[in-house]
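Everything on this sheet refers to the single structure shown next.
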Amino acid sequence: MIPSLDFSSLKEAHWWQFAVRFFLGGAVTVCTGLIAQRFGPVVGGLFLAFPAIFPATATLIERHETEKKSKAGIDGRARGRKAAALDAAGAVLGGWGMLCFGCAAWLALPRYSMALALVGAALLWQIVSASLWWGRRHWGR
Amino acid sequence: MASEVLGKRYAVAVKLARSPALEPAACSGKRLWYPPGMDLLWRFLLGGAMVSLFALIGDVLRPKRLAGIFGGAPSVALATLALTAAKSGPAVASLEARSMILSSLGFVLYVYVAERLLATARWSPLVVSLGGLTIWGLVAATAGVLLMRFAGT
């Protein structure tokens with residue numbers, strides 16, 4: 001399957017689902033800053049890999065799939081949970097990319113400008129995650 | 001020469017890390033300074049925007065497994081590291097990124113367990129994703145203890 005964009009899922013979503021994600025993301029970032037202020041950057045840095053997106057996304061995916069199937073008169077809970085499992089499988093690949101992001105940021109931040117270090121680290125995250133996805137698709141199960 | 005400069009920067013960062021609070025006044029040079037309330041507001045807005053952006057890309061991208069990689073996007077890290085580097089300096093942000101490497105392992109374990117449990121279709125994503133946070137928490141706490149003990153900060 002060739003990667004593509006499907007905007008229909010945005011039409012099915014409610015405005016409050018976006019608001020919840022914005023609030024959760026903001027709240028986690030604020031908490032990380034407060035923890036770093038109180039306990040120092042070593043402890044604060046641990047929260048940079050906090051799962052801020054996955055819980056909300058997995059729940060929304062299940063809800064969308066279940067609603068879609070229930071409109072057709074089918075109990076779609078099992079399908080919704082399997083769709084969330086696929087999302088989790090992708091998040092595992094994203095997690096390995098996140099680890100590479102951390103390594104790149106750790107090494108690059110003291111040496112290069114902040115923008116270059118962070119953009120480079122983010123690119124590395126994308127390349128590693130997408131390569132793992134591609135590799136798994138071609139050679140994995 | 002370059003290694004000497006880096007060594008000095010790390011020494012300052014370690015000194016700051018040992019202090020209970022990162023005061024803006026403790027940071028030299030052209031560091032951003034704004035009132036504490038504004039700092040939190042910027043963090044909230046930037047963090048919320050980054051998480052929403054990555055989640056939105058994950059919503060519209062297909063296939064689903066590829067979209068899932070955005071569930072592991074470093075959204076909080078990008079927002080936090082940018083603000084920390086601007087406010088307290090790149091060496092302090094670098095220390096935060098070093099801790100992130102270990103807690104990323106916790107993230108990978110957390111989503112792997114979530115994938116296995118969700119694939120059985122017996123557990124709801126809400127229960128799995130919230131209950132599984134204890135896995136991430138345990139790995140992050142262990143990493144924190146190890147870093148404090150052996151990394152000298």
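Residues being closer than 30 Å to B:Lys87 by Cβ and at the interface with chain B (Cβ under 7 Å from one of its Cβ atoms) are represented in the range A:123-133 by at least one member. Restricting attention to the range A:49-97, the residues that are touching a helix residue (DSSP H, G or I) at 6+ places or on another chain (Cβ under 8 Å) and not in a helix (DSSP H, G or I) add up to 6.
Could you identify the single residue in B:Ser129, B:Ser94 that is among the small types (Gly, Ala, Ser), crowded, with 24+ Cβ neighbours inside 10 Å and in contact (Cβ under 8 Å) with a residue 24 or more places away in the chain?
That would be B:Ser94, the only listed residue that is among the small types (Gly, Ala, Ser), crowded, with 24+ Cβ neighbours inside 10 Å and in contact (Cβ under 8 Å) with a residue 24 or more places away in the chain.
Checking every residue in the range B:42-64 against the condition of being touching a residue at least 40 places away in the same chain (Cβ under 8 Å), part of a helix (DSSP H, G or I), out of contact with any Asp or Glu (no Cβ under 6 Å at 6 or more places or on another chain) and more than 7 Å from chain A (Cβ to nearest Cβ) gives at least one match.
Residue check: A:Lys69 meets all listed conditions (1) over 20 Å from B:Leu53 (Cα atoms); (2) surrounded by 20 or more Cβ atoms within 10 Å (Cβ to Cβ); (3) out of contact with any Phe, Trp or Tyr (no Cβ under 8 Å at 6 or more places or on another chain) but one, namely (2). Summed over the range A:1-12, the residues that are buried (at least 16 other Cβ atoms within 10 Å of the Cβ) and over 14 Å from B:Ile57 (Cα atoms) give a count of 0.
When you look at A:Ala91, is it at the interface with chain B (Cβ under 7 Å from one of its Cβ atoms) and either among the basic types (Lys, Arg) or buried (at least 23 other Cβ atoms within 10 Å of the Cβ) (or both), yes or no? Taking the combined requirement at face value, the residue satisfies it. Exactly one residue among A:Thr66, A:Thr59 is out of contact with any Ser or Thr (no Cβ under 6 Å at 6 or more places or on another chain), at the interface with chain B (Cβ under 7 Å from one of its Cβ atoms), β-branched (Val, Ile, Thr) and over 22 Å from B:Ala140 (Cα atoms), and that residue is A:Thr59.
Answer with yes or no whether B:Val111 is among the β-branched types (Val, Ile, Thr) and in contact with a Gly (Cβ under 7 Å, 6 or more places away or on another chain). Against the criterion (among the β-branched types (Val, Ile, Thr) and in contact with a Gly (Cβ under 7 Å, 6 or more places away or on another chain)), B:Val111 qualifies. The residue of the range A:94-104 that is surrounded by the most Cβ atoms within 10 Å (Cβ to Cβ), among those that are facing chain B (nearest Cβ under 7 Å) and more than 14 Å from B:Ser75 (Cα to Cα), is A:Trp96. On inspection, B:Leu147 fails the criterion of being part of a helix (DSSP H, G or I), at the interface with another protein chain (Cβ under 7 Å from one of its Cβ atoms) and surrounded by fewer than 19 Cβ atoms within 10 Å (Cβ to Cβ).
Bear in mind that the values in this text are calculations on the coordinates, not laboratory data. The model shown is predicted, which means the values in this text are computed figures rather than measured ones. Positions of Cβ are backbone-derived with ideal geometry, glycine not excepted, and every protein chain shown enters the neighbour counts.
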